[in-house]
Number of protein chains: 2
Amino acid sequence: MNTIEFFINNKQNFLNELFDLIRIPSISRHKDSVQTAANWLENKLRQTADYVEQIPTTGNPVILAEWEPQYLEISASSHPTLLFYGHYDVQPPEPLDEWISPPFEPEIRDGRIFARGIGDNKGQFFAHIVAIECLHKLNQLGVNIKLILDGEEELGSPYIDEAISKKQEFFEDVDLVIVSDGPADPTWKPTLEFGARGIITAQFELQTAKGDVHSGNFGGIQPNPVWDLISILKTMKDDQGKCLIEGFYDDVFTPTPAALKAAEDLNRDPEVYKEQLDITYFGEEKDLPITHRLMFRPTFNIRGISSGSVRENARTIIPKEVVAELDIRLVPNQVPEKIKQLVTEHLDRLKSESENYAQILERCEVNFGTSFYPMFTPLELPWTEVLAKSITEGFEEEPLKIPLAGGSLPLYSLYKATGKPIYIIPYAQPDEDNHAPNENMMVEWFEKGVKTSIAILNNLKG
Amino acid sequence: MNTIEFFINNKQNFLNELFDLIRIPSISRHKDSVQTAANWLENKLRQTADYVEQIPTTGNPVILAEWEPQYLEISASSHPTLLFYGHYDVQPPEPLDEWISPPFEPEIRDGRIFARGIGDNKGQFFAHIVAIECLHKLNQLGVNIKLILDGEEELGSPYIDEAISKKQEFFEDVDLVIVSDGPADPTWKPTLEFGARGIITAQFELQTAKGDVHSGNFGGIQPNPVWDLISILKTMKDDQGKCLIEGFYDDVFTPTPAALKAAEDLNRDPEVYKEQLDITYFGEEKDLPITHRLMFRPTFNIRGISSGSVRENARTIIPKEVVAELDIRLVPNQVPEKIKQLVTEHLDRLKSESENYAQILERCEVNFGTSFYPMFTPLELPWTEVLAKSITEGFEEEPLKIPLAGGSLPLYSLYKATGKPIYIIPYAQPDEDNHAPNENMMVEWFEKGVKTSIAILNNLKG
């Protein structure tokens, strides 16, 4: 029996196992559920792996596993060691009332599995595990495989370096890293990505008074935190989408000719985005072409803001505070710590420029959270061809080659640990709605993912 | 037995009745609870009044009641008819987790009754009812008294005119109107107010896309509604607190010399506000003195804003939408409909000025809600002296005379119906926290309110 047949015959069992994993609501900050998921995974991996270990960290555990080759082809020119990366923590499911089925009770509708974490990232890394198991059961594992499962990716993997430093030898012989995360290209073509943007998050919390007060009785006296924060935020971005923080664009890389060529080959059609997202205009830097804004440029995004109450709960008050959450996507060669420093310097400059800004900022707390470096692997390396061939086998379609993915991953930690090239091969379809209600993954894409992983493991032997 | 003694002897019974009323959670939009409160009040008023009626409206019922004098003093120079106004609907209690005791289970702590609606407005109008009952029981009612209880004040009394038009004759012989609502002056002195600011509310709802999307995968493509709404809002107010909408200040009145004198006599100390509210600077128009901003100037307030999620629920998304709730406090002679028109014209001008604004505003819905006219009664009328004397008797302290209260009331409807002067005498202490968690009214202030109402009814006999 060949490996693909074995997979097809046992598909329902694998899906049942995946559903068991999905039912564990391993939201990053819910330590107990995350630990339950880690234990479940450790047990699962022990069925086939030669080595499995939970590495405790200051945060959630990181899981490591290794499979030694079951045979070595004498004729092979190399015996590479492959590292798969995935993360078993998930985003919070809110807003709950927008879910059609409960977020942690997977349900298949119209060929899609709906559940929080199915695409981001449990369904994707589980495809690797299934592929390994299929080959292992048939004694056909011909390469050395390693796996690292992160427990805090959705918080920015603050302690993955701590785990890696405890097991440095695990990473030393790795030859390449494969990450399956994020959605495939919006054109629905299979996708091979050579890097990802970085990210920093920042929280602005402005409390201008002790309490909410009646907006009539104290209107004109108590300052309004929303207006005041708007004054501050508006100094950081103009109406054309340009970030106004001094030096923000200084380290933005100039894409190499190969990267530019690959980007142009994508033939991005703005109209497709407009229809898919139901948008009538585009965000961020209005003077740049779409492809550049998607992968070669940083962003400056307000991901959430809250003050007082709205809609049926609106009250005639001056709210005491406002909280705004930002995320800033970085491209090579922007450095997270430097960008944080530039934001801080910008605010310091505002303080010295105007008494008005100084008064506001004295009451404003700015806290930085998640931080990922941007990463980029040159398109010219030989792995490109092997991986493209494997994806073509798994998806029965040639992949798009995307120089830089929009999303952010803790790739820099993997790069620091291995010094080796990193590739991203998403197994979730483009409308997976990760980080949103009704997150989902098509069963067909899960299957193609498993087939792709099998092809990679077979093709890397030679 | 004199009236005050009768009140003191029966105080506990009156408080028990007030608590029964408070336990009915008559949040304006909760029709059933509002109707329960209306029925409770109708029964209560029937115990003493000569006429009681619930006037049905498109919204919640308005309650009318009348007490004819039990005797007429032959020597009196006049027999005025007094109209009391109050409202029996309350604000929503959210956020619930900030209440120390449940909002609709009144609890006395440190001499204060804590409950939603105790100060705003049930405890205040109930003081009038108690005063009337005390005089009535002792056969000492010497003036004609009318009462109107609004069921939708917290929504801007959209149907009070409808109720009034059904019973126009009820209002025709009224000589003066007294409203006890809002908190007393922040100096804790008893307060006599000669008018109130008006208000309009406006909701800005900007939906720029079909759904929340991952801020990495779609960053640079999907527009950010928060940045875009900030761009629009920032055209309406500058960093110095001035409203930038053309014509916004055109109809703002010039206070009369008597009003200015009264305002100056208040000797407002900015430092007292800073300490009371824990603020380090002031809101709205930074170039004007405090007293003017509190009562002679309009405001332009953002009372709530929401997009995406914040704090522990923050996710790395581009939110699909943002909602901002504004309230604009008006002063004489600003007209609500005209101000709405100016806002609309401002937005139309933005659309024609820039493609960028036009694209944003095409996706933005602006809805106006509550609308109250500003109102102002000249300080020179003879009622001023009678009312000041009565307050001095009730509170054992001379009242502050405040030309214009900060809050808004449906006074214009009462003015249209009666054509007579309107006075506001708050019975709630300054830190009643109306519209906020842990709303409360001091028992002592309730008692002084009852005594003041008794004094008014005695002194108006002439």
- [ ] Taking amide H positions as placed in the peptide plane 1.01 Å from N, state which residues far from B:Thr370 in sequence (5 or more) or on other chains have amide H under 5 Å from it.
- [x] B:Thr201
Task: Cβ neighbours within 10 Å from other chains - mean over A:281-294 - done: 4
Task: Residue-averaged beta-carbon neighbours from other chains (10 angstrom radius) around A:361-373 - done: 1
- [ ] Would you mind pulling out the separation of the Cα centroids of region B:409-462 and region B:54-112, in Å?
- [x] 9
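Can you compute the FRET efficiency between B:Asp238 and A:Asp287 using 1/(1 + (r/R0)^6), with r the Cβ-Cβ distance and R0 = 25 Å? Round to the nearest 0.05.
Efficiency at R0 = 25 Å is approximately 0.40.
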TODO: Using only Cα atoms, find the angle between the long axis of helix A:123-137 and the longest principal axis of chain A, and express it within 0 to 90 degrees, rounded to the nearest 10.
DONE: 10
Task: Burial ranking of peptide ranges A:136-149, B:320-333, B:377-390 (average Cβ count within 10 Å, highest at the top) - done: B:320-333, A:136-149, B:377-390
Open item on the list: Out of all DSSP beta bridges in chain B, what portion is antiparallel? Express it as a percent rounded to 5.
Closed with: 70
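Would you kindly state how much longer the chain becomes between A:Tyr51 and A:Asp173 on full extension, computed as 0.36 nm times their sequence separation minus their alpha carbon distance, in nm to one decimal? Intermediate values should be presented prior to the final figure.
Working: separation 122, 0.36 × 122 = 43.92 nm, distance 1.54 nm.
So the chain would gain 42.4 nm between A:Tyr51 and A:Asp173.
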Task: the protein assembly as shown - mean residue ellipticity at 222 nm from DSSP helices (-39,500 (n - 2.57) per run, n ≥ 4, rounded to 500) - done: -10000 deg cm²/dmol
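Could you order the peptides B:441-448, A:106-113 from most to least packed, using the average number of other C-beta atoms within 10 Å per residue? Numbers along the way, then the final one.
Details: B:441-448: 21.8, A:106-113: 15.8.
Highest to lowest by the protection proxy: B:441-448, A:106-113.
Any chance you could run the full-extension gain for B:Thr254 through B:Glu275? It's 0.36 nm times the residue separation minus the Cα-Cα distance, nm to one decimal. Don't skip to the end; give the middle numbers.
Numbers: separation 21, 0.36 × 21 = 7.56 nm, distance 3.02 nm.
Full extension of this stretch gives 4.5 nm more.
How crowded by other chains is B:398-407, given as the mean number of beta carbons from other chains within 10 Å of each beta carbon?
Values: counts 0, 0, 0, 0, 0, 0, 0, 2, 9, 7.
So the per-residue partner count for this stretch is 2.
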- [ ] Express in whole angstrom the spacing between the alpha-carbon centres of region A:161-228 and region A:333-364.
- [x] 19
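Classify region A:1-89 as rounded, prolate or oblate, taking a ≥ b ≥ c as the square roots of the eigenvalues of its Cα gyration tensor: rounded when a/c is under 1.5, otherwise prolate if a/b is larger than b/c and oblate if not.
It comes out oblate by the Cα gyration axes.
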Task: Using θ = phi - 60° and Karplus 6.51 cos²θ - 1.76 cosθ + 1.60, couplings along region B:405-414 (whole Hz; Gly, Pro as x) - done: 6, x, x, 10, 9, x, 5, 5, 4, 5
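Express the relative contact order of chain A as a whole percentage, based on alpha carbon pairs under 8 Å and six or more residues apart in sequence.
Numbers: 950 pairs, mean separation 122.6, N = 462.
This gives 27 percent for chain A.
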Open item on the list: What whole-number distance in Å separates the alpha-carbon centres of region B:278-330 and region A:242-297?
Closed with: 33
Task: Extreme residue, positive dipole direction of chain A, given options A:Tyr373, A:Asn144, A:Val322 (C-beta unit charges) - done: A:Val322
Open item on the list: Per residue of region A:146-155, what does 6.51 cos²θ - 1.76 cosθ + 1.60 with θ = phi - 60° give for ³J(HN,Hα)? Whole Hz please, x for Gly and Pro, Karplus curve as stated.
Closed with: 10, 9, 10, 10, 7, x, 8, 4, 6, 9
Task: 3J(HN,Hα) from dihedral phi, region A:237-242, Karplus parametrisation 6.51/-1.76/1.60, rounded to Hz, x for glycine, proline - done: 8, 9, 5, 8, x, 7
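If you take every DSSP beta bridge whose two residues both sit in the protein assembly as shown, what share of them, in percent to the nearest 5, is antiparallel? Could the numbers behind the result be given before it?
Working: 93 of 133 bridges.
The antiparallel fraction comes to roughly 70 percent.
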Task: Long-range amide H partners of B:Phe84 with built H, under 5 Å - done: B:Lys146, B:Leu147, B:Ile148, B:Ile178
TODO: Working from Cα positions, state the angle (0 to 90°, nearest 10) between the long axis of helix B:336-353 and the longest principal axis of chain B.
DONE: 0
Open item on the list: Assume the label is 7 Å from Cα along Cα to beta carbon: what separations in nm does A:His79 have to the matching positions in the other copies?
Closed with: 11.5
Task: Amide proton proximity set for B:Glu107, modelled H, under 5 Å, gap of 5+ - done: B:Phe114
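Every number in this text was worked out from the coordinates using simple rules, so none of it is lab data. Because the structure is predicted, anything quoted here is derived from the model rather than measured. We place every Cβ from the backbone using ideal geometry, glycine too, and count neighbours over all the protein chains shown.
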